[in-house]
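Taken together, the values in this text are just the output of simple stated rules run on the coordinates, not laboratory data. Keep in mind that this is a model prediction, so the values were computed, not measured. We place every Cβ from the backbone using ideal geometry, glycine too, and count neighbours over all the protein chains shown.
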Amino acid sequence: MWGVLVNRFKQGFRTLSYPKEIPAFPQRFRGRPVVTGPAVDMGKCLFNADAEVTYSRDHRMAVSRQEDLVLKDHEVKLAAALNDKARRIFGRSLKLREVCAGSCGGCDAEIQAMGNVVFDLSRFGIQFVASPRHADGLMITGPVTKNMELALKKTYEAMPHPKIVIAVGACALRGGPFEGGREVHNGVDGLIPVDLYIPGCPPHPLTILDGLLRLLDKMEKGV
Amino acid sequence: MKPARFWGVGKVGQEDLNVRNGASFGSERVPVLEEDAFRRRVLEECSKGARLVNLFGCAQDGGNTRIFAMLGMDQEGEIAVFSMTVPGGKASFGSLTPELAQAHMFEREIAEQFGVTPLGHPWLKPVRCHPAGGYPFYRVEGEEAHEVAVGPVHAGIIEPGHFRFQCHGEEILNLEIQLGYQHRGIEKMMEDVPAQRAVLLAESIAGDTVIGHGIAYCNIIESLSDTEAPPRAEAIRAIALELERLSNHVGDLGSLSADIGFLPAAAYFGRLRGEFLNLLMDLSGNRYGRSLCRPGGVLFDLDREMAEDFRGRLSVARKDLKEISGLFFGRASVLARLEGTGAVSARAAKELGLVGPTARACGHSLDVRTDYASGMFRFQHIPISTALSGDVYARALVRWLESQRSIEFLLETLDQMPQGDIYAQPAALKAGHMALAMVEGWRGETLHVATTDSNSRIARYKVKDPSFNNWMALTMAVRGAQVSDFPLCNKSFNLSYAGHDL
């Protein structure tokens with residue numbers, strides 16, 4: 001018992017004050033691409049350092065519509081809030097069900113990391129639930145392998161209305177490195193309607209959190 | 001070169017081929033044995049202590065399939081490579097599995113990928129394909145027996161797979177695991193895509209083993225092109241590999257804490273895992289180390305200033321790890337839950353060819369970093385950590401011990417980084433060659449093999465994630481256990497679905 005208390009005292013308070021304060025990302029962090037020439041499709045971007053893309057250190061990338069993934073200039077149309085009715089339903093409590101449909105496990109690890117004490121997702125009223133019957137939204141990772149297509153669709157159908165769908169990571173957006181592969185689809189689009197696109201390979205937990213908070217209109221004004 | 005031994009009738013004079021980790025060799029040098037001789041040699045070497053590191057097929061002209069065996073002789077640090085041909089008209093060979101359980105998954109994979117039947121295989125079922133008629137699950141019948149089906153979509157935030165339990169009350173009589181939901185066709189894609197994309201695919205085999213698979217891929221390309229990555233690049237790769245190990249081992253200890261309901265340790269370990277991921281992000285710009293390893297070296301340097309910063313942060317992490325682990329392993333209620341749960345016997349571990357921390361927790365001192373040392377590990381050694389009991393406790397303990405040793409290795413390596421370049425432009429691939437590369441990823445032996453055709457293109461790319469060996473361990477661990485012990489047992493292995501399914 002004393003050991004637990006002593007440890008608790010030593011560990012201190014570790015939760016970020018996000019979104020009030022945004023932590024500094026390291027120099028080499030590859031965030032939202034900067035458009036220097038032709039348009040950049042964030043959905044197709046794999047955020048690799050050897051791609052012919054310049055990256056900023058801005059972690060904010062989530063958008064509401066697929067066409068908004070394509071950056072033509074330095075303007076970016078970040079995700080819009082849900083309509084009033086949907087916000088009344090989901091605003092204080094959003095229960096999500098996660099389905100991994102062929103991801104490498106990277107995006108899922110970052111989604112899981114959002115639950116740790118540093119990001120502490122549940123302080124925003126967002127939680128992951130075990131059953132699609134209990135869920136308001138579906139978070140999908142991976143390009144959707146042919147072997148997962150049925151399970152994914154069944155999970156979506158098992159959720160009560162109204163429901164939202166969030167595609168996380170390069171694979172779920174456009175197939176990622178597996179785009180065009182024989183065993184996979186090229187992401188969630190065309191299989192299930194998507195309400196929020198979160199680019200990244202994998203997206204940083206704060207990139208995902210940023211998208212969720214924008215959807216629920218919980219972002220500080222002007223951020 | 002060892003003197004030739006005559007294994008195959010009609011193959012007099014063909015020399016054995018024993019190679020080291022990271023070697024490449026002309027494909028024509030791989031002995032082709034008659035089926036009987038092939039079989040005898042595998043069984044004989046394995047009875048003398050060799051381990052079936054890989055057994056895989058390769059499509060040949062004329063509809064033939066060539067089957068390659070790679071036997072690891074851990075003591076010598078050498079791998080014996082030989083092969084046999086299965087003619088297209090015959091499309092079958094005598095299964096090794098009845099006499100050598102290690103061959104079990106490999107032979108199923110060959111059957112699925114090439115339509116060649118291992119005759120006499122006792123458990124010839126799909127590995128990754130989902131047959132139209134459903135998967136033929138093993139069933140226990142009887143009035144009091146019942147079945148529990150879980151997945152592919154699980155309750156938590158994890159990858160998909162199907163678990164089928166045959167139970168008598170709470171007792172698990174048998175667990176069968178059907179995977180393949182994550183199958184993305186990586187091996188085939190590696191043969192088709194340009195090199196710039198192939199490395200991204202390699203980094204996406206398993207998202208928590210980006211560095212492990214990344215290094216294996218780089219070693220393959222470097223070996224096939226006679227390129228040597230500069231020593232400084234090797235040091236940076238080793239640093240990243242150990243950071244990856246630390247983040248995963250510490251994360252696993254956190255998951256185990258959460259699964260037994262010991263939440264303080266779960267919270268602290270979870271936070272500590274992030275510290276290691278953040279070090280990787282400082283180094284490579286990505287929390288999992290993506291874009292760090294490229295054939296020829298690494299893309300990011302670790303200068304003196306960063307090394308000092310890392311050393312400082314790792315010293316703090318070492319102190320944290322000590323305190324949190326003390327909290328976890330020092331509690332009688334924690335130990336009572338872990339000890340004796342999900343035990344895998346040392347004998348089963350050997351027979352099934354288990355690798356990595358799972359094998360080490362059963363007392364087998366297998367570790368690619370020591371047995372088949374390559375890169376930085378040739379100059380700086382990490383002692384092998386083992387435990388004996390083979391249960392959840394042993395697997396947790398091995399993770400803790402390895403974490404401590406990884407931190408020591410990092411502190412030392414960061415203090416004496418080799419000078420020089422971090423990248424050497426790789427040359428063109430050699431035609432008609434084969435290369436193999438092994439890396440001790442955090443889950444264990446990660447193996448890549450590639451062959452090139454006469455036009456220097458990749459003709460076959462074979463990946464073996466340690467999960468491929470170790471999923472069987474989970475089914476052994478829960479046999480006779482209670483259904484409610486399954487989540488804890490599963491966490492204690494934390495195997496990759498994506499790595500298995502490819």
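Assorted remarks:
- Set of aspartates and glutamates near A:Lys77 by C-alpha distance (under 16 Å), chain-local residues within fewer than 8 positions excluded: A:Asp41, A:Asp58, A:Glu67, A:Asp68, A:Asp195, A:Asp210, A:Asp217
- Mean separation of Cα contacts under 8 Å (6+ apart) over length of the stretch B:284-363, as relative contact order %: 13
- Paramagnetic reach from B:Ala195 in the stretch B:271-294 [backbone N under 19 Å; point 7 Å along Cα→Cβ]: B:291-294
- Top positive-direction residue, dipole computed over chain B with Cβ charges, set B:Ala149, B:Ala50, B:Asn494: B:Ala50
- The distance separating the Cα centre of the stretch A:104-155 from that of the stretch B:192-226 comes to 28 Å.
- Label-zone membership for the stretch A:47-68, site B:Asp309, 7 angstrom Cα→C-beta point, backbone N under 11 Å: none
- Pairs from B:Lys125/B:Lys350; A:Lys85/A:Lys218; A:Lys44/A:Lys72; A:Lys10/B:Lys319; B:Lys188/B:Lys464 whose Cα-Cα separation, in the structure shown, is over 21 Å: B:Lys125/B:Lys350
- For A:Ile198, B:Ile79, order by how many other beta-carbon atoms lie within 10 Å, fewest first: B:Ile79, A:Ile198
- The gain in end-to-end length when the B:Glu339 to B:Arg479 segment is fully stretched comes to 48.8 nm, 0.36 nm per residue minus the alpha carbon separation.
- Residue order, fewest to most surrounding Cβ atoms within 10 angstrom, among B:Ser27, B:Ser456: B:Ser456, B:Ser27
- Residues B:Trp400, B:Trp123 in ascending order of nearby Cβ atoms (within 10 Å, fewest first): B:Trp123, B:Trp400.
- Inter-chain Cβ neighbour average for residues B:493-500, partner chain, 10 Å: 2
- Shielding by other protein chains, B:327-336, mean Cβ within 10 Å: 1
- Spatial offset of the stretch B:112-166 relative to the stretch B:362-408 amounts to 32 Å, using the alpha carbon center of each.
- Average Cα contact separation per residue, the stretch A:84-215, under 8 Å, 6 or more apart, as relative contact order %: 26
- Zone residues, the stretch B:182-226, relative to B:Ala59, backbone N less than 15 Å from point 7 Å out along Cα-to-Cβ: B:185-193
- Rounded, prolate or oblate (a/c below 1.5 giving rounded, otherwise prolate when a/b exceeds b/c) for the stretch A:1-75 by Cα gyration tensor: prolate
- Only the Cβ atoms of Lys and Arg (+1) and of Asp and Glu (-1) were treated as charged; on that basis the dipole of chain B about its Cα centre amounts to roughly 180 debye.
- Taking Cα centre as origin and charging only the Cβ of basic (Lys, Arg, +1) and acidic (Asp, Glu, -1) residues, the dipole magnitude of the stretch A:84-215 rounds to 460 debye.
- Summed over qualifying helices (DSSP H, 4 residues or more, each -39500 (n - 2.57)) and divided by its residue number, the protein assembly as shown shows a 222 nm mean residue ellipticity of -11000 deg cm²/dmol.
- With a simple spin-label model that places each label point 7 Å from the Cα along the Cα-to-Cβ direction, the separation between B:Gln425 and B:Asn278 comes to 3.9 nm.
- Computed magnitude of the charge dipole of the protein assembly as shown (debye, nearest 20; Cβ of K, R +1, Cβ of D, E -1): 1240
- Take every pair of alpha-carbon atoms less than 8 Å apart whose residues are at least six positions apart; their mean separation over the length of chain B yields a relative contact order of 18 percent.
- Cα centroid separation, the stretch B:28-75 to the stretch B:271-318 (Å): 39
- Three-way shape label, the stretch A:84-215, alpha-carbon gyration tensor, a/c 1.5: oblate
- Fully extending the segment from A:Lys153 to A:Asp73, taken as 0.36 nm per residue of separation minus the present Cα-Cα distance, adds 25.2 nm.
- Shape category assigned to the protein assembly as shown from the gyration tensor of Cα positions, a/c cut at 1.5: rounded
- Theoretical gain in end-to-end length, B:Val140 to B:Asp415 [0.36 nm per residue, Cα-Cα removed]: 93.2 nm
- Treating r as the C-beta distance of B:Gln75 and A:Arg87 and R0 as 60 Å, the FRET efficiency rounds to 0.35.
- Point-to-point label distance, A:Phe13-B:Arg347, nm (Cα→Cβ direction, 7 Å offset): 5.8
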